[in-house]
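The structure appears right after this line, and notes come after that.
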Amino acid sequence: MFKKNKISKTQVNKSVNLPISNIPVCSNESKMINHRNCVPDGTPLSVASFQPNAKPFITSSSFIPTSSTLSCSLYMENLSVKIWELYSSTRQSPLKYEKKVRLLNALHMVVSGVFENAGLYIVGSSINGFGSNQSDMDMCLLVTSRDLHQKSEATFILSRLLQSLRKCRFLYHFTLIRAKVPIIKFCDRYTGIDCDLNVNNVNGLYNTYLLAMYAKIDWRVRPLGIFIKHWAQCLDIHDAQRGRLSTYCLLLMLIHYLQTACIPPILPNLQEKFPNLFNYTMEPYELDMNIELPWNELQSNNSNSLAELFTGFIYYYTNQFDFNKWAITIRHKTPLMKHIAMKHLPPYEQGYIVRNCKIFIEEPFSQTNAARSVHSDNIVSYIKQAFIKTNEILSDQYPLESIMNIRNN
């Protein structure tokens, strides 16, 4: 049914001269798989123009339009154009991606001087298909195969690494953030790329792998993901450090909607369909971004336009999904009752989550709450109002420019 590429040991420092589709996402030569950030046709996933045969902004209506339906059709078509144009103009370019990989290789030389056998991986939007030219480069440093206590051991490792990074003339603006998953934030002086580096946050590797596969299945997923992130930024509900939704949470919300609320569903449940390929027991170096799934079999018959799907996404979380009762999940065909989702949490988290859980978005592998930063009733109300306001604008066919910074054609 599917084929899996064999593990290779490509020379990392020589990889910068290869075509973009051959650039790896891991800098550890001894463990590296020949990852390729690409869609099934071999185009780099983060920059691919993977389009359907028909224009992406044409709606699926097949009836003879009246004046009112024609107005609606034109409104939706115009919105689809805006979604596609935003995606086309902001998605991560091949040049930006190559710069990130060159920086990764340079950083690995520094890291290997401190932790000889460590692997350095690009994770997140830079590699999962939802990146833009403004995206930071998130990285995961793997120094051991065992779990680390993030607040003590990981912080100690980052503090030690920070001493070496400060000596690099091409890096500046260092900050060690002692969060639940501590990170070092810094910037590359020559490219201007902002970097976030964590230690042994293996969950991020699995999540990157899973989201990249969902992004490959249907051409509409990536434009919607990037547009929804931009929408959330414009309405000030995007920023986990300020108790709002992260990009990752928004993408899980989108995938959940495309799996469960669309008729027919646009995305399958990959963890259910291919349990051997998407599970938490695989070693990080076994995650193969080139895995060949039966892409044609995974295609949906749903022909809704980008505008119809964005409108449906907003409507679903405004009118149908009860945040107080349900947990958002992409592991199941339907939403989970929130109290059932909480049972999967480790004991040390259950008390905190029960007291502070306002929105529960289940991590697909660890099954913890990806939206744990959203713990204020005021912020939750603010998020809900953003959906309500947008739903009203879409229902009345008012231009989204009234709440979003998007080009008006």
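Key figures
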| read-out | value |
| --- | --- |
| Contacts under 6 angstrom Cβ, first residue in region 254-275 being closer than 21 Å to Y206 by Cα and modelled with pLDDT of 95 or more, partner of a type in the set (S, T, N, Q) and in a helix (DSSP H, G or I), 6 or more apart | L267/Q259 |
| Filter pass, L210 being touching a helix residue (DSSP H, G or I) at 6+ places or on another chain (Cβ under 6 Å), under 29 Å from H108 (Cβ atoms) and of a type outside the set (K, R) | no |
| For Q134: the one exception among (1) surrounded by 18 or more Cβ atoms within 10 Å (Cβ to Cβ); (2) under 21 Å from G192 (Cβ atoms); (3) not hydrophobic (A, V, I, L, M, F, W, C) | (1) |
| Selection status of Y352, out of contact with any helix residue (DSSP H, G or I) (no Cβ under 6 Å at 6 or more places or on another chain), surrounded by fewer than 21 Cβ atoms within 10 Å (Cβ to Cβ), within 23 Å of Y382 (Cβ to Cβ) and at pLDDT below 90 | yes |
| The listed residue being touching a strand residue (DSSP E or B) at 6+ places or on another chain (Cβ under 7 Å) and at pLDDT below 95, out of V123, V143 | V143 |
| Single residue of region 179-199 satisfying the filter (of a type in the set (D, E, K, R) and under 25 Å from E283 (Cβ atoms)) that is surrounded by the fewest Cβ atoms within 10 Å (Cβ to Cβ) | K180 |
| Answer from I388, I330, I379 - the residue that is in contact with a Gly (Cβ under 6 Å, 6 or more places away or on another chain) and either modelled with pLDDT of 95 or more or of a type outside the set (S, T, N, Q) (or both) | I379 |
| Test: residue in region 277-286 that is over 16 Å from the mean Cα position of the chain (by Cα), of a type in the set (V, I, T) and under 21 Å from F323 (Cβ atoms) | no |
| Residue tally, condition hydrophobic (A, V, I, L, M, F, W, C) and touching a residue at least 40 places away in the same chain (Cβ under 8 Å), over region 164-219 | 16 |
| Where I263 falls short, out of the listed (1) part of a helix (DSSP H, G or I); (2) within 30 Å of L74 (Cβ to Cβ); (3) out of contact with any helix residue (DSSP H, G or I) (no Cβ under 6 Å at 6 or more places or on another chain) | (1) |
| Single unsatisfied condition, A371 versus (1) surrounded by 20 or more Cβ atoms within 10 Å (Cβ to Cβ); (2) more than 29 Å from N203 (Cβ to Cβ) | (2) |
| Test: residue in region 200-218 that is buried (at least 20 other Cβ atoms within 10 Å of the Cβ), touching a Lys or Arg at 6+ places or on another chain (Cβ under 7 Å) and under 17 Å from T311 (Cβ atoms) | no |
| Long-range neighbours under 6 Å by Cβ, at least six apart or interchain, first residue touching a residue at least 40 places away in the same chain (Cβ under 8 Å) within region 75-87, second buried (at least 18 other Cβ atoms within 10 Å of the Cβ) and of a type in the set (G, A, S) | M76/A307; L79/A307; S80/S305; S80/A307 |
| Unique residue being buried (at least 22 other Cβ atoms within 10 Å of the Cβ) and not in a helix (DSSP H, G or I) when the list is L141, L104, L176 | L141 |
| Output for region 139-171, where each listed residue is β-branched (V, I, T) and either closer than 22 Å to N207 by Cα or in contact with a Pro (Cβ under 7 Å, 6 or more places away or on another chain) (or both) | V143, T144, T155 |
| Count - residues of region 270-306 that are assigned to a helix (DSSP H, G or I) and hydroxyl-bearing (S, T, Y) | 1 |
| Any hit, region 48-63, residues being part of a helix (DSSP H, G or I), buried (at least 18 other Cβ atoms within 10 Å of the Cβ), polar (S, T, N, Q) and modelled with pLDDT under 95 | no |
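Listed here are the residues, each with its yes/no results for (1) among the small types (G, A, S); (2) buried (at least 18 other Cβ atoms within 10 Å of the Cβ); (3) touching a His at 6+ places or on another chain (Cβ under 6 Å); (4) under 24 Å from I340 (Cβ atoms).
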residue	(1), (2), (3), (4)
D288	no, yes, no, no
S300	yes, no, no, no
E308	no, yes, no, no
N319	no, no, no, yes
D322	no, no, no, yes
T329	no, yes, no, yes
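The values are calculated or read from the model by the stated rules, or taken from the named source; none is laboratory data. Everything quoted here is computed from the prediction, not taken from an experiment. Methodologically, a virtual Cβ is constructed for each residue, glycine included, from the backbone with ideal geometry; neighbour enumeration extends over all protein chains shown.
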